[in-house]
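Read the structure below first, then the notes.
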Amino acid sequence: MIKELVKDEALLSKPCEAATADDADVAQDLLDTLASLEDAACLAANQIGVAKSIVAYLDENDEAHVMYNPVLKLALGAFKTTEGCLTRDEESKVTRFDRIKVAYDELADGALKPRKRDFTGWTAQVIQHMIDHCKGKLV
């Protein structure tokens, strides 16, 4: 279901709770909402009012993916950039990394399965932005 975006900084600045397989509906809402937004690349559950550590993002091929409980494990190639955000009016200057390793859970057969994956470039930057949202960090 498509949800309205939350812009309340008090809600967005709280760290999210760990997600479980029971949060599959939230993941679907993220995908539906992301697909409904023009020029959007990623969305975290707290941006639709749910304080769970779930993110949806589009990769370089515009394929949608969902991560439950993403954690940045390794980051290389720091660079400074300016990012916008769907739930903030102004852009922010941030430090991101060109190559990252992320541990996360993926829903498969009704259960969360642990995964680790390397990301580079634009997709790495988007995922770092979403991990910040899960931590309650506003860019």
Note on the range 70-79: residues under 15 Å from Ile131 (Cα atoms) and open to solvent by 40 Å² or more (accessible area, probe 1.4 Å) are Val71, Leu72, Lys73, Leu74
Mind listing just one residue for me: the one in the range 1-30 that is assigned to a loop (DSSP other than H, G, I, E, B) and touching a Lys or Arg at 6+ places or on another chain (Cβ under 6 Å) and, of those, farthest from Lys52 (Cα to Cα)? Pro15
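Looking at Ala64, Ala56, Ala41 in this structure, which one is under 20 Å from Thr120 (Cβ atoms), touching a Leu at 6+ places or on another chain (Cβ under 8 Å) and open to solvent by 50 Å² or more (accessible area, probe 1.4 Å)?
It is Ala64.
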May I ask you to list the residues in the range 31-53 that are touching a helix residue (DSSP H, G or I) at 6+ places or on another chain (Cβ under 7 Å) and in a helix (DSSP H, G or I)? Thr33, Ala45, Asn46, Gln47, Ile48
Pick from the range 102-139 the residues that are open to solvent by less than 50 Å² (accessible area, probe 1.4 Å) and among the acidic types (Asp, Glu): which of them is nearest to the chain's Cα centre (by Cα)? Asp132
So, in the range 54-79, how many residues would count as being within 22 Å of Leu30 (Cβ to Cβ), assigned to a strand (DSSP E or B) and more than 11 Å from the chain's Cα centre (by Cα)? 2
Please determine, by comparing only the residues of the range 80-90 that are charged (D, E, K, R) and more than 17 Å from the chain's Cα centre (by Cα), which one is nearest to Tyr104 (Cα to Cα). Lys80
Is one or more of the residues making up the range 80-101 part of a loop (DSSP other than H, G, I, E, B), open to solvent by less than 80 Å² (accessible area, probe 1.4 Å), hydrophobic (A, V, I, L, M, F, W, C) and touching an Asp or Glu at 6+ places or on another chain (Cβ under 9 Å)? no
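The values are calculated or read from the model by the stated rules, or taken from the named source; none is laboratory data. Since this is a predicted model, take the numbers as computed values, not measurements. Backbone-built Cβ (ideal geometry, glycine too); neighbour counts: all protein chains shown. What goes into the accessible areas is simple: the full protein's heavy atoms, side chains included, and nothing from ligands, DNA or RNA. Shrake-Rupley method; radii C 1.70, N 1.55, O 1.52, S 1.80 Å.
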